[in-house]
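Q: The structure follows.
Since every read-out is calculated from the coordinates, none of them should be taken as a lab result. Quantities reported herein were computed from a predicted structural model and do not represent experimental measurements. With ideal geometry, Cβ positions are generated from the backbone for all residues, glycine too; neighbour counts draw on all protein chains shown.
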Amino acid sequence: MARDPDIVFYHAPQSRSIIVQWMLEELGEPYRLHLLNLKKDEHKQPGYLAVNPMGKVPAIAHKGVVVTEAAAICCYLADAYPSAGLNVPVGDLRRGPYLKWLFFGPSCLEPAIIDRMFKRPDVTPGALGYGSYDATLDLVAKAVATGPYLLGPHFSAADVVIGSGLTWGMMIKALPERPEFTAYAARLRERQALQRVYAKDAELAAAQAA
């Protein structure tokens with residue numbers, strides 16, 4: 001008799017939890033899907049608030065440990081399953097750039113995208129955690145220009161986070177389709193794990209809409 005998977009994944013289709021869905025597909029480890037319907041406010045019900053009091057997706061439970069926030073989950077899973085090759089281990093000097101890009105996504109890239117999406121007025125760059133919109137984009141463009149990935153030939157959890165942010169930003173027209181971004185996104189779309197994610201998420205979204 002097969003035992004239950006060690007990972008429980010709390011997911012809502014067509015949300016930022018697709019980042020963790022991609023990470024899980026890259027890992028290749030079994031997981032149990034706990035689906036939430038945001039339109040029915042299932043993420044605000046007591047059962048899920050006991051998992052994540054913020055009432056947000058994604059979240060995972062791994063051997064009884066709950067982890068929230070997409071980048072933190074990706075970092076955690078990459079270290080928990082090192083055989084997948086999605087992390088950079090402690091002691092490897094590349095871990096510094098790896099961690100920088102993992103957390104550059106939610107701390108710099110995503111806030112810059114959201115400010116542009118909502119047309120928030122410009123403020124003094126020093127008052128923003130990410131500095132400026134243009135500087136943020138220039139730095140990411142330089143990092144992905146040589147490729148194929150952020151760490152050269154090594155695809156990592158950092159690519160899951162940054163690649164997801166760039167793809168989303170271009171989709172909502174809050175990021176320009178700079179050649180560096182579109183080429184990087186095209187390389188990521190060639191990954192079978194991401195292709196599976198898009199297909200699965202479309203099916204889940206259609207089922208919830210039915």
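Q: Find the percent of Cα-Cα distances in the range 45-123 that exceed 18 Å, and round it to a whole number.
A: Looking at the range 45-123, the distances longer than 18 Å represent 56 percent of pairs.
Q: Classify the range 106-210 as rounded, prolate or oblate, taking a ≥ b ≥ c as the square roots of the eigenvalues of its Cα gyration tensor: rounded when a/c is under 1.5, otherwise prolate if a/b is larger than b/c and oblate if not.
A: oblate
Q: Could you work out the local net charge near Cys74, counting Lys and Arg as +1, Asp and Glu as -1, over the other residues with Cβ closer than 11 Å to its Cβ?
A: Summing Lys/Arg as +1 and Asp/Glu as -1 gives -4.
Q: Here's a follow-up. To one decimal place, what orientation-averaged projected area in nm² is obtained for the convex hull of the Cα set of the chain?
A: Projected area, direction-averaged: 13.5 nm².
Q: Could you grab the relative contact order for the range 95-192? Cα pairs under 8 Å, six or more apart, rounded to a whole percent.
A: Computed value for the range 95-192: 35 percent relative contact order.
Q: Mean separation of Cα pairs under 8 Å and 6+ residues apart, divided by the residue count of the chain: what relative contact order is that in percent?
A: Across the chain, relative contact order equals 22 percent.
Q: Also, I was wondering about something else. What percent does the relative contact order of the range 12-117 come to when contacts are Cα pairs within less than 8 Å and at least six residues apart? Before the final figure, lay out the partial values.
A: Working: 78 pairs, mean separation 22.7, N = 106.
RCO, the range 12-117: 21 percent.
Q: Within the chain, how many Lys pairs that are eight or more residues apart, or on different chains, come under 14 Å at the alpha-carbon?
A: 4
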